[in-house]
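The values are calculated or read from the model by the stated rules, or taken from the named source; none is laboratory data. Just so it is clear, the model here is predicted, and its values are computed rather than measured. Glycine gets a Cβ as well: all are built from the backbone with ideal geometry, and neighbour counts include every protein chain shown. Note: accessible area is taken over every heavy atom of the protein model, side chains too, but ligands, DNA and RNA are not part of it. Shrake-Rupley method; radii C 1.70, N 1.55, O 1.52, S 1.80 Å.
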Amino acid sequence: ELGHTLERMVQTLRDQLPSSGSGGRGWVPPGTLPDPRPPDEADVVVVGGGVLGWSVAYWLKVLEGQRRHGMKVLVVERDPMYSRASTVLSAGGIRQQFSLRENIQMSRFSASFLRDINEHLGVPNEPPIDIQFQPSGYLFLASPQQAAALEATVQLQREEGAQVALLSPTQLKMKFPWMNTEDVAVASYGLEDEGWFDPWTLLNAFRRKAISLGVQSCSGEVRGEGWGSAPDPPYAPDPLSVPSQVHMPDSIEYQPVACAIVVNAAGAWAGKLLEAEGLPRALCWPPLPIQPRKRYVFTWHCPNGPGLSCPFLVDTSGAYFRRDGFAGNYLGGMSPPEVSPGVPSDHSPPSLLFIRHLQSVLSQEEEPDPSDLSVDHDYFQEQIWPRLARRVPAFESLRVGGSWAGYYDYNTFDQNGVLGPHPRLENMFLAAGFSGHGLQHAPAAGRAVAELLVKGRYETLDLRRLGWDRLVDGEPLKEQGVV
């Protein structure tokens with residue numbers, strides 16, 4: 001009898017699903033377009049299906065509430081396998097230790113969000129989300145020349161409610177006896193809401209929840225072709241509404257998508273989207289100073305290295321490392337040191353201020369070629385290893401394991417995200433340029449952009465200073481804590 005009952009239930013489910021022969025298509029999950037072409041229209045097109053793009057899409061649906069005819073949101077991702085995506089190739093860290101107030105606030109919001117992730121992103125009848133969070137404080141080391149700046153930063157972090165301790169060299173040596181503290185003047189150590197987690201799990205959780213709320217997605221690339229034409233600067237034409245054209249993968253075809261809003265969450269390629277041929281230069285002045293910067297991550301084994309108490313350590317030299325699981329495994333890397341082109345005077349005109357900061361891209365030392373994701377293994381041997389071994393003597397005998405490369409959506413202006421409406425492309429909003437901390441700030445930044453679109457203002461966090469005005473005025477909000 002039980003067998004017959006189960007057979008009837010299976011048959012009932014089969015009858016309710018579209019036939020595999022209907023139109024040559026079988027059943028597809030909700031939110032996944034059965035046709036490779038995107039829809040003809042959407043209310044909001046999100047360019048970029050990384051964690052920030054999906055966060056924007058998720059929050060749009062949450063904030064609009066339960067409406068019978070809800071907002072049509074489309075997420076367009078050109079790399080559906082995420083083989084080159086910044087999100088999944090990151091080290092997966094989250095920290096409260098930033099030097100800019102807005103970044104600290106976003107970190108605190110994101111930490112709370114991740115702590116209750118199943119309340120936010122859980123889907124009924126689906127397994128609970130486990131981002132494999134590993135709680136461990138970040139440990140920033142400062143030389144005598146860096147000490148005053150670090151102490152001031154910690155004071156700001158404490159004002160924002162972050163739990164951060166300052167450690168003297170003696171305290172540092174007592175807590176981490178495996179460390180060489182010879183040139184360290186002071187260190188800051190996060191006491192809560194810091195650590196690392198699995199980036200892919202967070203991305204997939206945002207995507208799965210957003211789709212369950214009605215968000216659609218498709219594979220393709222949004223380009224700026226056909227966005228109009230006008231004279232170059234200094235003539236400034238009237239604001240322009242940009243359309244959305246989705247180019248099909250591996251094809252010359254494209255599909256226009258009529259939309260009210262375009263959200264540029266294209267990460268490392270957000271700047272390139274606004275460099276489209278035919279787009280009026282005057283409408284894109286100043287240019288969006290975001291470009292791909294390649295960063296390496298190396299793994300190694302050292303049986304006598306730091307144990308379970310090992311923090312996410314950021315050295316005075318800029319090199320960093322953390323545990324990678326257990327049994328003496330670690331991962332780390334280092335961004336190439338920047339050589340400042342000089343800070344212009346306060347009397348410089350805004351355009352000159354902007355241009356000089358933009359020229360910092362020309363003053364990079366050993367910046368890797370971002371045209372592919374190949375790894376320069378000599379970089380570890382010649383640059384990273386000597387710094388690590390000096391800080392942790394046990395690392396003198398480490399054995400290198402694997403490696404990979406990923407992209408920072410690097411804001412050459414001030415290494416901070418650009419959020420909010422474009423000043424002259426009236427239906428475009430930006431959410432990019434976080435320079436390596438986009439993953440950890442995605443929950444907060446996604447909500448902020450969604451609030452602007454749904455409510456017309458920031459409500460949860462006041463992130464107005466991260467808008468375009470600072471680019472136009474040539475006034476950078478410098479973040480000192482870029483790792």
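Once region 447-483 is narrowed to residues that are open to solvent by less than 30 Å² (accessible area, probe 1.4 Å), assigned to a loop (DSSP other than H, G, I, E, B) and within 17 Å of residue 426 (Cα to Cα), the residue that is modelled with the highest pLDDT is 467.
Of all residues in region 383-394, those that are under 15 Å from residue 323 (Cβ atoms) have Cβ atoms under 7 Å from Cβ atoms of residues that are in a helix (DSSP H, G or I), 6 or more apart or on another chain, in 388/395.
Residue 91 satisfies every condition listed in (1) at pLDDT 95 or above; (2) hydrophobic (A, V, I, L, M, F, W, C); (3) surrounded by 20 or more Cβ atoms within 10 Å (Cβ to Cβ) except (1). Looking at the structure I just gave you, is residue 181 touching a helix residue (DSSP H, G or I) at 6+ places or on another chain (Cβ under 6 Å) and either modelled with pLDDT of 95 or more or hydrophobic (A, V, I, L, M, F, W, C) (or both)? Against the criterion (touching a helix residue (DSSP H, G or I) at 6+ places or on another chain (Cβ under 6 Å) and either modelled with pLDDT of 95 or more or hydrophobic (A, V, I, L, M, F, W, C) (or both)), residue 181 qualifies.
A count restricted to region 50-64 and to residues that are farther than 16 Å from residue 458 by Cα and aliphatic (A, V, I, L, M) stands at 3.
Of all residues in region 427-446, those being over 13 Å from the mean Cα position of the chain (by Cα) and in a loop (DSSP other than H, G, I, E, B) number 1. Of the residues that make up region 273-289, is at least one modelled with pLDDT of 90 or more and surrounded by 14 or more Cβ atoms within 10 Å (Cβ to Cβ)? Within region 273-289, one or more residues are modelled with pLDDT of 90 or more and surrounded by 14 or more Cβ atoms within 10 Å (Cβ to Cβ). Look at region 285-297: where a residue is of a type in the set (A, V, I, L, M) and a partner is part of a strand (DSSP E or B) and open to solvent by 10 Å² or more (accessible area, probe 1.4 Å), sitting 6+ places away or on another chain with Cβ atoms under 6 Å, you get 290/409; 297/404.
Assess whether residue 129 counts as being open to solvent by less than 60 Å² (accessible area, probe 1.4 Å), closer than 24 Å to residue 462 by Cα and of a type in the set (A, V, I, L, M). Here the answer is no, as residue 129 does not meet what is asked. Any chance region 149-156 includes a residue that's in contact (Cβ under 8 Å) with a residue 60 or more places away in the chain, farther than 16 Å from residue 440 by Cβ, surrounded by 14 or more Cβ atoms within 10 Å (Cβ to Cβ) and in contact with a strand residue (DSSP E or B) (Cβ under 9 Å, 6 or more places away or on another chain)? Checking region 149-156: at least one residue is in contact (Cβ under 8 Å) with a residue 60 or more places away in the chain, farther than 16 Å from residue 440 by Cβ, surrounded by 14 or more Cβ atoms within 10 Å (Cβ to Cβ) and in contact with a strand residue (DSSP E or B) (Cβ under 9 Å, 6 or more places away or on another chain).
For region 191-226, how many residues are in a helix (DSSP H, G or I) and either open to solvent by 40 Å² or more (accessible area, probe 1.4 Å) or farther than 27 Å from residue 69 by Cβ (or both)?
Let us first name the residues in region 191-226 that are in a helix (DSSP H, G or I), namely 199-212.
Still in the list and also either open to solvent by 40 Å² or more (accessible area, probe 1.4 Å) or farther than 27 Å from residue 69 by Cβ (or both): 199-204, 207-208, 212.
Within region 191-226, residues that are in a helix (DSSP H, G or I) and either open to solvent by 40 Å² or more (accessible area, probe 1.4 Å) or farther than 27 Å from residue 69 by Cβ (or both) number 9.
Every condition in (1) modelled with pLDDT of 95 or more; (2) open to solvent by 50 Å² or more (accessible area, probe 1.4 Å); (3) over 21 Å from residue 438 (Cα atoms) holds for residue 250 except the one numbered (1). Out of everything in region 132-148 that is aromatic (Phe, Trp, Tyr) and touching a Phe, Trp or Tyr at 6+ places or on another chain (Cβ under 7 Å), what residue ends up being surrounded by the most Cβ atoms within 10 Å (Cβ to Cβ)? Top of the filtered list is 138.
So which strands (runs of 3 or more DSSP E) stay within region 58-172 end to end and still have 3 or more residues that are under 23 Å from the mean Cα position of the chain (by Cα) and either farther than 30 Å from residue 258 by Cβ or of a type outside the set (A, V, I, L, M) (or both)?
Details: elements: 73-77, 138-142, 164-167.
Filter on region 58-172 gives 138-142.
Against the conditions (1) surrounded by fewer than 21 Cβ atoms within 10 Å (Cβ to Cβ); (2) more than 30 Å from residue 46 (Cβ to Cβ); (3) in contact with a strand residue (DSSP E or B) (Cβ under 6 Å, 6 or more places away or on another chain); (4) polar (S, T, N, Q), residue 188 satisfies every one except (1).
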